[in-house]
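One structure is given here, and the rest of the page talks about it.
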Amino acid sequence: MSNKLSDFISENNVVMNLHAKDQKDAIHQLALILQENGSVSDAEAFYQDVLHRESLTTTGIGNNIAIPHGKSASVIQSTMLFAKNTEPLEWHSLDGSKVNIIFLMAVSPKAKGDDHLRMLAKLSGKLMDDEFVDSIKSAETTTEVLRILKN
Amino acid sequence: MSKKIVAVTACIAGIAHTYMAAENLKKFAKKEGYDIKVETQGAMGVENRLSQSEIDAADVVIFAVDTNVQEPDRFEGKKTLKVGTSEVVKDGKSAIDQAIELTN
């Protein structure tokens, strides 16, 4: 059984030039993209669920990276979006750093142990790998991001 | 012989921090030359489950959790460090060092 990122990720999952003005704006814009992609049925409901998760503890994991996520009934298929914002955003990160790399994870509450969930778990683990983080931070095109994610 | 650590990671949503904390514990245990096995209790259920003999053989237990550990009886009587997943994501080395300190 394969659970590589490559099986789930396409250019639809990469947003290179997000122009969000703050954290909420970023999550909101990305929620709308997930809706356009057909991954989320109701962007507003998903947005609220992600904000709720954010209110419990920050998802700014440090090193300019945030991983907002929501387990939400509005999620049709568990998936993720990678986004790079043009300006670093305040995210109350663990290390105080501002965020310009965002991995938004959308999880269906019905998905128990499916391949998509496993993909998100693997991706989360990879964020602790310095080499992976360095390369994703320096990537400048959608193609490059996809190559790194799929590697 | 290198010291043996067993750990359990679990976060509220069970999506991201469970798996980040697990990787960071493994990364820094390896760097410092300790044996480690990490059980994840996340959205995919219990994975990489620790056997009783692995727990019994461990010098120290790390609970990197924001929620209750499932089947905590298995760890009764063990030296245990309890931390939140965010602390481990932020500073994996410190969690490993604190755990090893408990064994000295």
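The values are calculated or read from the model by the stated rules, or taken from the named source; none is laboratory data. On a predicted model such as this, the values are computed, not experimentally measured, just so you know. Here the Cβ positions follow ideal geometry from the backbone for every residue, glycine too, while neighbour counts run over all protein chains shown. Only protein heavy atoms, including side chains, enter the accessible area calculation; ligands, DNA and RNA are left aside. Shrake-Rupley method; radii C 1.70, N 1.55, O 1.52, S 1.80 Å.
Ranking A:H92, A:H116, B:H17 from most to least accessible surface, computed with a 1.4 Å probe over the protein chains only, gives A:H92, A:H116, B:H17. 3J(HN,Hα) along the stretch A:51-64: 5, 4, 4, 5, 6, 6, 8, 5, 9, x, 8, x, 6, 6 Hz, from the Karplus curve 6.51 cos²θ - 1.76 cosθ + 1.60 with θ = phi - 60°, whole Hz, x for Gly and Pro. Amide H contacts of B:I36: B:I5, each under 5 Å away and 5 or more positions distant or on a separate chain (H built 1.01 Å from N in the peptide plane; Pro and chain starts excluded). The H on the amide N of A:T58, modeled in the peptide plane, is under 5 Å from the matching H of no residue at least 5 residues off or on a different chain.
Ranked from largest to smallest solvent-accessible area, with a 1.4 Å probe on the protein heavy atoms, B:E87, B:E39, A:E140 come out as A:E140, B:E87, B:E39. Considering only alpha-carbon pairs that sit under 8 angstrom and 6 or more positions apart, the relative contact order computed for chain A is 27 percent.
When the trypsin sites (Lys or Arg not before Pro) in the stretch A:93-146 are filtered for DSSP coil states and for at most 12 other beta-carbon atoms within 10 Å of their beta-carbon, the remaining sites are A:K110, A:K112. Which net charge results when you count Lys and Arg as +1 and Asp and Glu as -1 among the other residues whose beta-carbon is under 12 Å from that of A:I101? Charge balance near A:I101 sits at +2.
Based on the Kirkwood radius over alpha-carbon pairs, what value in µm²/s does the Stokes-Einstein equation return for the translational diffusion coefficient of the protein assembly as shown at 4 °C and 1.567 mPa s?
In µm²/s, the coefficient is 70.
With θ taken as phi - 60° and the Karplus curve 6.51 cos²θ - 1.76 cosθ + 1.60 applied, the whole-hertz 3J(HN,Hα) list for the stretch B:61-75 is 10, 10, 9, 9, 9, 10, 8, 6, 6, 6, 6, x, 4, 4, 9 Hz, x standing for glycine and proline. Modelled this way, with points 7 Å down the Cα-to-C-beta line, the labels at A:K21 and A:K150 are 3.7 nm from one another.
Peptide A:53-59 shows a mean partner chain C-beta count of 3 within 10 Å per residue C-beta.
Considering every alpha-carbon pair of the stretch B:1-99, the percent of pairs per 10 Å bin, from zero through the bin containing the longest distance, is 18, 56, 26, 1.
Scanning chain B for trypsin sites (Lys or Arg not before Pro) lying in DSSP loops with no more than 15 further Cβ atoms inside 10 Å, the longest uninterrupted stretch between such sites is B:1-48.
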